[in-house]
Amino acid sequence: RGPKMDEEELQRIYQWVDEIPLSRPKRNINRDFADGVLVAEVVAHYYPRMVELHNYPAANSLAQKIYNWETLSKKVFRKLGLSMPRLEMEAVSNAEPMAVEQLLRRLQIQLAKYNLRRRSQQGTPGSGDEGSPRAADSHGSPS
């Protein structure tokens, strides 16, 4: 399920998510993010036109959670170059420890790459309706 995350990486992920206004409070990140709604909101925070939030109803049943993740994967993650295998959908939906953190780390990286691609295509720094996830410099070579 990806490389293990150290405490510093975890704190960076939690801090990043805390900076994004979400529709419901975060009490237990694994449970809170299990239905895909908050992950859709994270993407919408940076790229509002990429995510139609009404497609992601809050869900308690495993089937509806998986449906939300499949929709996110097809409609949003694909555009970002992020793949989410069925096993990962199930792990996140079942609130398995570290499953959502691993996904959020990959999402943060892909959002940063997507932002860089868009900026290089447009030739202007930061035009449009998006902010920049400050992930581009949170990994790689130590400063």
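When restricted to residues that are more than 12 Å from the chain's Cα centre (by Cα), assigned to a helix (DSSP H, G or I) and buried (at least 17 other Cβ atoms within 10 Å of the Cβ), segment 13-49 contains 2. You will find that of Pro133, Pro125, Pro142, the residue that is closer than 22 Å to Lys4 by Cα, at pLDDT below 95, open to solvent by 30 Å² or more (accessible area, probe 1.4 Å) and not in a helix (DSSP H, G or I) is Pro142 and no other. Glu8 falls short of the stated requirement of being acidic (Asp, Glu), open to solvent by 30 Å² or more (accessible area, probe 1.4 Å) and in contact with a helix residue (DSSP H, G or I) (Cβ under 8 Å, 6 or more places away or on another chain). Is segment 104-111 home to any residue that is part of a helix (DSSP H, G or I), modelled with pLDDT of 85 or more, surrounded by fewer than 16 Cβ atoms within 10 Å (Cβ to Cβ) and of a type outside the set (Ser, Thr, Tyr)? No - not one qualifying residue is present in segment 104-111. Can you name every residue in segment 59-87 that is open to solvent by less than 80 Å² (accessible area, probe 1.4 Å), within 18 Å of Glu41 (Cβ to Cβ) and not charged (D, E, K, R)? Ala59, Gln64, Asn68, Trp69, Thr71, Leu72, Ser73, Val76, Phe77, Leu80, Leu82, Met84, listed by residue number.
Summed over segment 57-103, residues that are touching a residue at least 40 places away in the same chain (Cβ under 8 Å), small (Gly, Ala, Ser) and part of a helix (DSSP H, G or I) total 3.
The values are calculated or read from the model by the stated rules, or taken from the named source; none is laboratory data. The structure displayed is predicted, hence computed values, not measured ones. So basically every Cβ, Gly included, is an ideal-geometry build from the backbone, and we count neighbours across all protein chains shown. What goes into the accessible areas is simple: the full protein's heavy atoms, side chains included, and nothing from ligands, DNA or RNA. Shrake-Rupley method; radii C 1.70, N 1.55, O 1.52, S 1.80 Å.
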